[in-house]
1. Over 31 Å between C-alpha atoms is what I'm after, so list which of K82/K299; K63/K299; K82/K218; K63/K324; K161/K195; K52/K299 land there.
2. How high is the relative contact order of region 319-381, in percent, with contacts defined as C-alpha pairs under 8 Å that are six or more residues apart?
3. Using modelled amide H (1.01 Å from N, peptide plane; none on Pro or chain starts), what sits under 5 Å from the amide H of N352, excluding residues fewer than 5 places away?
4. Mind giving me the FRET efficiency for D76 and E120? R0 is 41 Å, r the Cβ-Cβ distance, nearest 0.05 is fine.
5. How much length, in nm to one decimal, is gained on full extension between L340 and D160, taken as 0.36 nm per residue of separation minus their Cα-Cα distance?
6. Simple spin-label model, 7 Å along Cα-to-Cβ: Q109 to N171 in nm?
7. So how far apart, in nm, are the two label points at V201 and L213 if each is 7 Å from Cα heading toward Cβ?
8. Order by neighbour count: H157, H356, fewest other Cβ atoms within 10 Å first, most last.
Amino acid sequence: MSNTVVHIVDITMKMSLKKTAKALAKGLLVTTFSSAMLMSTAQANNPPPTIKADAPNRYIVKKGDTLWDISGRYLDSPWRWKEIWATNKQIKNPNLIYPNDVLILCVIQGKTLIGVDTGEGCAGVEKQLTGSVSTSTVAITSTANSIPPIPWSAIQHWLDKMLIVNPQDFNTTPYILASKNRNLITARGDKVYAKGVPLIVGQRYGVYREGELYVDPKTQEVIGLEVTQVATGLVTSTESNGVTSLQLIDSYGKEVREGDRVFVELDNAIPPVFYPTPASVSRGGMIVRVMDSISSAAKGSVVAINLGSLQGAKPGDVLTVYQKGPLVRDTKDNDTPVRLPNEPSGMVMIFNTFDHISYAYVLDSELPLNIGDQLLPPPYL
């Protein structure tokens, strides 16, 4: 095969695999929640958020704080934080908060707002908000060491090497055929052989392990396949029979196995900064998996939900979890079964999205959260 043909094949493969990372199965569940209910929670003309009676007039940010924690000190509805945050127009990333920042509660132009005290109290916050400060250029602030929206340690595992892909696309990629020494376990420095679409010599590729297959609980449609990158390999040669040699240059805590798939490394980066905000999605959703658990989720857990970027989900979106009301019998009406209303049981924040699935962190839970629990944007309170 000529270099031109190989290059074209690789470009085609790249396009397909980028589509793999984004394009999942169509035809998702339309939940029992009506679109009218969703729209009612996202109207522009809502009353201002309620400041807690015991909200601190002055708070010094501590290392280990999260934005959700800080929001909860001031608001009964922490997901409305951005509505009370006094944005500093002289800073490129005006919503960042750092340890040792002093937050103060101010009333500016009739609105109760929170800003960073730069030494001038609320007068300084008002100057930052209106942009009427002496500096002539916009300062650029680093995201490093800023307060995260939720604890990074709780979600890092699901950010580093995890992807949701289209299973049909995944199954068309080259697969690991064997290792040079026929080892059952391979690691960094070993040579392995892949078979399938020819790869480009000298280019890095990821080695991915098939994981959880996501099926919508009601429609039973496949909505994605979770895969984990276990290694990175450098292509050293290709053969006419479709066999490619790769030198493993990195491994990520797991051995490479026969049957693992090989394709271009896909970026799983999330925005470096995101903030709690009421979700604005096209429909209600459901919890479809509780990560690292065979039963239920609680505060601090991670769940997968059947709302993705195509439904309007984005990092920082907050959703209320509703537990299905129990079925009871009406003894006054011949034991007729009656379904009680769904009750709120917790809240989650989305931190990583794919086309039809997102990972979300459990912010609060009054009851254990389970697969099938329903999701809606939180009310404006």
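Values in this text are rule-based calculations from the coordinates and carry no lab data. Everything numeric here is computed off the predicted structure, so don't read it as measured data. Don't worry about glycine lacking a Cβ; one is built from the backbone with ideal geometry, like all the others, and counts go over all protein chains shown.
1. K82/K218; K63/K324
2. 38 percent
3. Result for N352 returns Y359.
4. 0.90
5. 60.7 nm
6. Distance between label points: 5.8 nm.
7. Here the answer is 3.9 nm between the modelled labels.
8. Result, fewest neighbours first: H157, H356.
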